[in-house]
1. Which FRET efficiency, nearest 0.05, do Leu146 and Leu74 yield, Cβ-Cβ r, R0 25 Å?
2. Which of the trypsin sites (Lys or Arg not before Pro) found in region 102-132 are loop residues per DSSP with 16 or fewer other Cβ atoms within 10 Å of their Cβ?
3. Give, in nm to one decimal, the length gained when the segment between Arg125 and Asp83 is fully stretched (0.36 nm per residue of separation minus the Cα-Cα distance).
4. Tell me, in nm to one decimal, what length is gained between Ala118 and Leu67 on full extension, where the rule is 0.36 nm per residue of separation less the Cα-Cα distance?
5. Which aspartates and glutamates have a Cα lying under 14 Å from the Cα of Lys114, excluding residues fewer than 8 positions away in the same chain?
6. Add -39500 (n - 2.57) for each DSSP H run of 4 or more in the chain, then divide by its residues: what number comes out at 222 nm, to the nearest 500 deg cm²/dmol?
Amino acid sequence: MLSIAHGSTGAFIASKIPNPYISLPLILASHFLEDSIPHWDVGQGLTSRKKCKRAAFLQELFFDFPLSILVVYLLFQVGRPFDWRPWFGWFISLVPDFLEFPYLFLENRSVIIKKFAAFHRWSHRSTPNKFWGLLPQVLVLLLIMLVK
Ligand SMILES: [Zn+2]
């Protein structure tokens, strides 16, 4: 999914479950669970190779990633004192995607990175249809807004 959905989910879990020994595995599990729902994201070109890796990376870097920070700020920080937990959740929720970086761009093919990338790809379901691919992500954001 987009970093906007992953980051908001991670921020939500971390803000509701302050114990990181419980929230951390839940946040990581939520990443793979959300990725298993057929979705559209700008980064799908990174792994599907249908799109230029550089173009997909730039879209991720300048669109999805900064918007995920903005959405977490708007949902969890506006009008409240600084709280590290939503940002911890945001960061942990994106770690699986950060770990793709050495595999995709640095040609790192160590056993651990390769196994992780294979698992990530296995759990990932994409659709090129933007409406049906963005709908579950909009629903995730609406649900978080309703219950946060
Ligand atoms: Zn992912």
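No lab work stands behind these numbers, since they all come straight from the coordinates. Quick caveat, the model's predicted, so the values are computed rather than measured. So basically every Cβ, Gly included, is an ideal-geometry build from the backbone, and we count neighbours across all protein chains shown.
1. Numbers: r = 15 Å, r/R0 = 0.60.
Result of the calculation: an efficiency of 0.95.
2. Numbers: sites: Arg109, Lys114, Lys115, Arg121, Arg125, Lys130; in loops: Arg109, Arg125.
Passing both the DSSP loop test and the Cβ count: Arg109, Arg125.
3. Details: separation 42, 0.36 × 42 = 15.12 nm, distance 3.29 nm.
Length gained between Arg125 and Asp83: 11.8 nm.
4. Values: separation 51, 0.36 × 51 = 18.36 nm, distance 2.73 nm.
So the chain would gain 15.6 nm between Ala118 and Leu67.
5. Reachable aspartates and glutamates: Asp97, Glu100.
6. Numbers: 9 runs with 107 residues, N = 148.
Calculated at 222 nm, the ellipticity per residue is -22500 deg cm²/dmol.
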